[in-house]
1. Does THR464 fit the bill of being in a helix (DSSP H, G or I), hydroxyl-bearing (Ser, Thr, Tyr) and more than 24 Å from ALA261 (Cα to Cα)?
2. Anything in region 184-217 that is surrounded by fewer than 17 Cβ atoms within 10 Å (Cβ to Cβ) and of a type in the set (D, E, K, R)? List them, or say none.
3. I'd like the residue in region 81-129 that is at pLDDT 95 or above and among the aromatic types (Phe, Trp, Tyr) and, out of all such residues, is farthest from LEU147 (Cα to Cα).
4. Do we find that ALA261 is closer than 23 Å to PHE656 by Cβ and buried (at least 23 other Cβ atoms within 10 Å of the Cβ) in this structure?
5. Exactly one condition in (1) closer than 22 Å to LYS309 by Cα; (2) surrounded by 13 or more Cβ atoms within 10 Å (Cβ to Cβ) is false for LYS694; which is it?
6. Free of Cβ contacts under 8 Å to residues at least 60 places away in the same chain and over 25 Å from GLU265 (Cβ atoms): does that describe ASP86?
7. Have a look at GLN659, GLN676, GLN619 and point out the one that is away from the ligand (no atom under 16 Å from the Cβ), surrounded by fewer than 19 Cβ atoms within 10 Å (Cβ to Cβ) and on the phi > 0 side of the Ramachandran plot.
8. Can you say whether ASP497 is acidic (Asp, Glu) and either within 16 Å of the ligand (Cβ to nearest atom) or in the same structural domain as ILE363 (by TED's automatic domain parsing) (or both), as far as the supplied structure shows?
Amino acid sequence: MTNLIFFDAEQQVFHLKNQQISYLLAVEDFGLVSHLYFGKQVDSYHGQRKYPRVDRGFSGNLAGVEDRRYSQDTLLREYSMAGEGDYRIPAAKIMQADGSYALNFKFTGFEMFPGKPKLVGLPSAYVEDDIEAETLVITSIDEISKLELATFYTIYRDRPVIARSTQVRNLSTQNSKIHKLASMQVDFPDEAFSVISLPGAHNQERQVQKEAIGYGIKKFSSRRGSTSHQMNNFIALEKGTADEFQGEVFGFNLVYSGNHAFEIEKDQIGQIRLVAGINEEDFSWELLSGETFQSPEVLMVYSDQGLNKMSQTYHDLLTNRVARGNYRNKERDILINNWEATYFDFTEEKLRPLVDTAAEVGIEMFVLDDGWFGERDSDTNSLGDWFADKRKFPNGLNHFADYVHQKGLKFGLWMEPEMISIDSNLYREHPDFLMSYPERIPAPSRSQHLLDLGRKEVRENILTQLSAIFDEGYVDYVKWDMNRSLSEVFSRQLTSDNQGETLHRYILGLYELLETLITKYPAILWEGCSGGGGRFDSGILHYMPQSWTSDDTDAVERLKIQYGTSLVYPPSSFTSHVSAIPNHQTGRNISLNTRGNTAMSSVFGYELDLTTFTAEEKQAVAKQVALYKDIRKVVQFGKFTRLKNPFISNECAWQFISQEQTEVLVFAFKILTQGQEPFSLLKLTDLDPTKHYKTENGTIFGGDELMNLGFYLPQQTEDFSSWMYRFTRID
Ligand code: DGJ
C-alpha cells in the first residue's frame, strides 16, 4: 500500500506527490517512459500533458513504427540512451559486446514500496522509518542485449524532495561496457530558465554564478577526481524572475565525491534537458554478465518560494537524513587550530602555551594540524607515515594529548590518509601503492601523490596505521584533508581495458574506508577538508558532519564563500575560524568583531597565535567564545535565511531562527565605506507577525514591523563593519 505514489492504469501514468510537490511520468506508446511534470503539487492529472504528436524534420522515429509524428528525439523523457536516435545529451551510453551502442529500452514493469533502499557502497539520503518516504522503481529492458535499466524515485512525505538514482543489470551471458550512466535526467518543456552554479578555485570556493540558458549544451563538471574547488556538484534552475524569496526553483545535488557532470541542453524546440551524474570523461565500467552497476544519487528539490526555501529544504535534509553519527544533531565544540598559528614550526613545548591560552578564554578543543608525523617540517615529505615525529613529541603524541585533556580541552588531529610522499617510509616499502602511469615519473602536486585507494591492500595498510592511533583513545576529532587533484589515473590492479574504472573505484574505496572508521570510532567527530573546500559535498557529509569551508580565512572573502556554500549545505556543516591580521591569504586587516561575526555564522573556531594577544584582546576573545556558546544551537540547528547578497551589493546579511521560533539572530555586514553612503534597510523574514520580539537592550518590536518596515543599518565609518542583532520572542 502506498499513498505517496499512484499509478493510473488507464492513462499509464505514475504520480508521485506529497503536500508540496508532484512528479508525473508516463508509459508512452511503444514502451518509452516519458516525463510529464515536476513542480508544485497538483491533486490529479487528466492527460493534458500527453506529449503532442508533430512530425518534425530530421527527428526520426522508432524502429518498426510508421507514425512520423512520434519521435524519441523530441519526446520529454525520463532516461535516454546514446544510439537510439535521440540526438540530445544521452543519460547513458553502453557498448555491447559487438561494439555497437544500440539499445532500445522498453518499459517492462514497476515496483512501489514504502521506505527508501540503501545504495550499496555509496552514500545516500536515508529514512529512519519507512513511513517517511516511498519509492518507485521503473524497469525497462533492451530485448536484444538483455540489459535491464531500473530508475529509482524516492519521494519524502514531508519534504519537497525526490531522490533519484539508476541501476543497470546485465542479464545476458556477454559482458557490456558502460561509458556513461547518469543518475538522473529531467526534461522540462519550453520555459525561461536561468541556471545557478557554484564555480570557484582554491581560496575562492562556491562563488554564485547565474546565467540564462540558451540554445546548445552547457556542462558544469569536475575532471579532478574529486568534487573540486572549481565546480561544486550542484546546480539550480530558476524560472523567470525568481530570486531568494519568490518564484520557482529546482535544485539538483549529487551525493558523490568524485568526477561529476551536470549537462544542460536547450533543444531545437526550446525544451530543456538536464542530465546529472558521474562525469563520463575518464569513466568506463565493464558490466560483467549477471552484474549490476549502481549510480550515485541526485537529490532533487523543488521550491515555490525562491532560493532560500530550496536551501532550507537541503539544510534540513542534509542535516537530518544524509549526515549521520553521534554529532549529527550535537552542538559542535569551539576549537583552536594551530595551522595558521605555527604552520610546521612547532614542538609539544611550543604548543603548550597556546593550549593554556585557549583554555583561559574558554575554547573547547585543540586541533593539531599538519606536521606532527613522520619527519615533516614542510609539505614535501612523510605523507603515509602516520606515527608521531619524535623530534616534536619526544614522549609521544598521547603525552601531548593528555596535556590538552588535563587543561579541559578535547584533542583533535589533522591527517591526510589518501596521500603518499615519495620521501616516506610508506613509499620506500610500497612504491606500487602510489597511483601513477607505469614507467613514467609521477607528476607531483604540492609535492605529493595519491594512494590507489581502489586497492584493498592499500586501504588495509592505512586502516592499520590509523587504528593504531585511534585505538589509544585520545583522539576526539579528526580533520581529514586531501590536498591535490587526482592525475595519472591508473590502477595496477586493473587490466588495460578497464582503466576507466580507476576513479570510481577510488571513490568507492574511500567510502569503504570511511565507513569502517566511523563505525569503529563513533566517538570521534570527523571534519572533511580538501585544501579548504575542495571536496565539499553531500557524499562526504554522509561520513563527516562538517567540513573546512575554505583555506581563505579573510572574513570579507568568506562572506561570499559562505553565502555560496549555504545555497546547498547547512551552517552546521561548514566551519569558519577567526584568523590573524593582516590576513595570511589577502593581507587585509579586519576587526576582531567582523572576523568573529563571519566565523560565528557557522561552526566556529580560531586559527591564530592567541599567546601574542594582549590581556584586553584575550578578554574580547573570551567574550566572543562565551557569546558563541550561547548562540550556537540557533546557528547550527536553526533555520537559516539569506537576506542580503554580497555578490550583487556592498552588503551581506543572513538570519537564523531557533527551532522553537523564539530566538532570532541576524548578522549584517557592510564591505567598503563610500562617500554619501546610501541608507540600508534590513527586513527580517519568517517571524510571527502577531508576536513581539525584544532586542538585547530591551526595545520591543512587532514581528510585522521587523518584517515589513525593517530597520536601518548604521552608517559605516570604516571598511568591513558588521553587526549582530539578537531578538527574543516575548509572547
Ligand atoms: C590544507 C588545509 O585546508 C589547511 O587548513 C591545513 O590543514 C593544510 N592543508 C595543512 O597542510
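1. Values: in a helix (DSSP H, G or I): yes; hydroxyl-bearing (Ser, Thr, Tyr): yes; more than 24 Å from ALA261 (Cα to Cα): yes.
Yes: the conditions hold for THR464.
2. Scanning region 184-217 gives ASP190, GLU191, LYS210, GLU211.
3. TYR126
4. On the way: closer than 23 Å to PHE656 by Cβ: no; buried (at least 23 other Cβ atoms within 10 Å of the Cβ): yes.
Criteria not met by ALA261.
5. (1)
6. Numbers: free of Cβ contacts under 8 Å to residues at least 60 places away in the same chain: yes; over 25 Å from GLU265 (Cβ atoms): no.
Criteria not met by ASP86.
7. Details: GLN659 fails: on the phi > 0 side of the Ramachandran plot; GLN619 fails: on the phi > 0 side of the Ramachandran plot.
Result: GLN676 is the single residue among GLN659, GLN676, GLN619 that is away from the ligand (no atom under 16 Å from the Cβ), surrounded by fewer than 19 Cβ atoms within 10 Å (Cβ to Cβ) and on the phi > 0 side of the Ramachandran plot.
8. Values: acidic (Asp, Glu): yes; either within 16 Å of the ligand (Cβ to nearest atom) or in the same structural domain as ILE363 (by TED's automatic domain parsing) (or both): no.
So ASP497 fails the test.
The values are calculated or read from the model by the stated rules, or taken from the named source; none is laboratory data. Computed from a predicted structure; not experimentally measured. Note: ideal-geometry Cβ built from the backbone for every residue, glycine included; neighbour counts use all protein chains shown.
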